[in-house]
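Since the structure comes first, as structure tokens, the remarks are kept for the end.
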Amino acid sequence: MTSTERISWDAASARRAERQFPAGPAAAGTAAGPVTGGLADVVAAMRGAHAQVLSAAEVSIGVRAAGGVTRTHVRAALWEERSLVKTYGPRGTVHLLPARELPLWSAALTAVPAGPSPFPPDVRLTDEQAGQVVTAIGDALDGRYLTLDELTEEVVARTGPWAGDRVMPAFQDMWPRWRQVMHRAGWAGTLCFGPNRGRKATYTRPAWAGAGSGAGAREAQDGLFTFVSRYLHAYGPATPAHFARWLAAPAGWTTGLFRDMAAAGAVEEVDFEGTPAWVAAGDTEFPDGPARGVRLLPYFDAYVIAGQPRERLFPGEAYRRALAGGQAGNHPVLLVDGVVAGVWHQRRRGRRTTVTVEPLVRLTARQRRELGEQAERVGEVLEATAEMVLGKVEVGPHA
């Protein structure tokens, strides 16, 4: 395929599905054997699993993995084997990332220029104060697991009372000033989540993952190029605007980054449904046919967050029903042949869970069978027995 050939939505959708495993399960060990490498491979292919709600990340990973993987395996990879890290990823939101890739993520995320602060001037941290806080967080967490209250005490002791001023409005409460850059510590590789202590989250420094050591200008540029190439491998063809939206990066900076990569021969321009877009250099092979199959994907699954253009991924009624103000991820989605074709919700009671699916298209007998298998798989991942019901999903976003 040459760069002047047109790449169709069907071809792009099919390749994305293959590479991120909604098209079929990835090898990830067995239920009885080690899953360290396999689950990290799945998360790497997704470019991170959104984990603000951990159960959603467990489903994202579990439905892609082979061998009866359940949430227990995901938690073992996270807390015991440490092949996964729970930290702040794209858009400053909580993600599971492969531990081996944390230095690459750290280099890329810290290179993104900071946008304007959403806080009033009297609430903001200066650049110098922000740097002090990030350093203090790393020092406080080195070899320790601290709750948020304990970490606040340590940060204030290492910086000054200004860091502890409760001036940040958040969830009908006021947070201490230092927390506005907490995600930056995650990006810098000086903070990640630890196992809960009772009902309280803990934080530690992920020294085992090797992030946060810094790099020279050339190494930083090479890391950025690698980072973008891996994103394009998963979600290409894509435009700089698509990448900027996924990462919450400034459009001008992203455009310049793609221009530099093109000049270096690291990306190739292609025609994606009549729009100029990019793939990683040499990565121009696409399937002949469209994606096939039925899948259930949870809240904020990477496939629907990063998949662009959004109006093609959410065609027709799906755009209204499965998005919230144009934002993807607020509803778990039914994927049919690579596009969103419904929403779903699961309600657990003890060891049983009811999976209610609201299709927006007429399903064939084969697709209904696949849907039943998918509901069973969701239950298996969550270590529950699933019952599937076809009907209206009455709950709203984030329910």
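Throughout, read-outs are computed from the coordinates displayed, never taken from laboratory work. Predicted model, so just to flag it, every value in this text is computed and none were measured. Positions of Cβ are backbone-derived with ideal geometry, glycine not excepted, and every protein chain shown enters the neighbour counts.
What to note about this one:
- Based on C-alpha pairs under 8 angstrom that are at least 6 apart in sequence, the stretch 113-214 has a relative contact order of 29 percent.
- Here GLU317, GLU101, GLU150 are placed in order of increasing Cβ neighbour count within 10 Å, fewest first, which gives GLU317, GLU150, GLU101.
- With only the Cα atoms considered, the stretch 294-390 has a convex hull volume of 85 Å³ per residue.
- Length released on extending from GLU373 to SER117, taking residue separation times 0.36 nm less the Cα-Cα span: 87.6 nm
- Extended-chain gain in nm, criterion 0.36 nm per residue less alpha-carbon gap, ALA248 and THR135: 38.3 nm
- Amide hydrogen proximity for VAL270: with H placed 1.01 Å from N in the peptide plane, the residues at 5 or more positions away or on another chain lying under 5 Å are ALA277, TRP278, VAL279.
- Toward the positive end of the charge dipole of the chain, with +1 on the Cβ of Lys and Arg and -1 on the Cβ of Asp and Glu, the farthest Cα among MET388, ALA163, MET261 is that of MET388.
- Net charge, ALA249 excluded, C-beta distance under 15 Å - Lys, Arg +1, Asp, Glu -1: +4
- Whether the stretch 129-260 is rounded, prolate or oblate, judged on the alpha carbon gyration tensor where a/c under 1.5 counts as rounded: prolate
- Think of it as helices only: each DSSP H run of n ≥ 4 in the chain is worth -39500 (n - 2.57), and spread over all residues that comes to -11000 deg cm²/dmol at 222 nm.
- Listed values for the stretch 342-356 are Karplus-derived 3J(HN,Hα) couplings in whole Hz (6.51 cos²θ - 1.76 cosθ + 1.60, θ = phi - 60°), namely x, 10, 8, 7, 10, 10, 9, 9, x, 8, 10, 9, 9, 9, 9, and x replaces Gly and Pro.
- Selection from TYR303, TRP208, GLY138 lying farthest towards where the dipole of the chain points positive, charges on Cβ: TYR303
- For the chain, the longest site-free run once trypsin sites (Lys or Arg not before Pro) in DSSP loop states with at most 12 other Cβ atoms within 10 Å are removed: 1-198
- Residue among ALA111, ALA386, ALA264 with the largest mean-square fluctuation in a Gaussian network model of the chain, springs linking Cα atoms under 10 Å: ALA264
- Most fluctuating residue given options PRO169, PRO237, PRO315, as computed from a GNM of the chain linking Cα atoms under 10 Å: PRO169
- For P(r) over Cα pairs in 10 Å bins from 0, in percent, the candidate list reads (1) 4, 19, 25, 22, 15, 10, 5, 1, 0; (2) 5, 22, 31, 27, 14, 3, 0; (3) 5, 23, 35, 27, 9, 1, 0; the entry that matches the value derived from this model is (2).
- Within-11-Å neighbourhood charge of SER83 [Cβ basis; K, R +1; D, E -1]: -2
- The residues SER229, SER83, SER117, when put in order of fewest to most other Cβ atoms within 10 Å, stand as SER117, SER229, SER83.
- Gaussian network model of the chain, Cα within-10 Å springs - most flexible of ALA207, ALA114, ALA291: ALA114
- Cβ charges +1 (Lys, Arg) and -1 (Asp, Glu), total dipole of the chain, debye: 1140 debye
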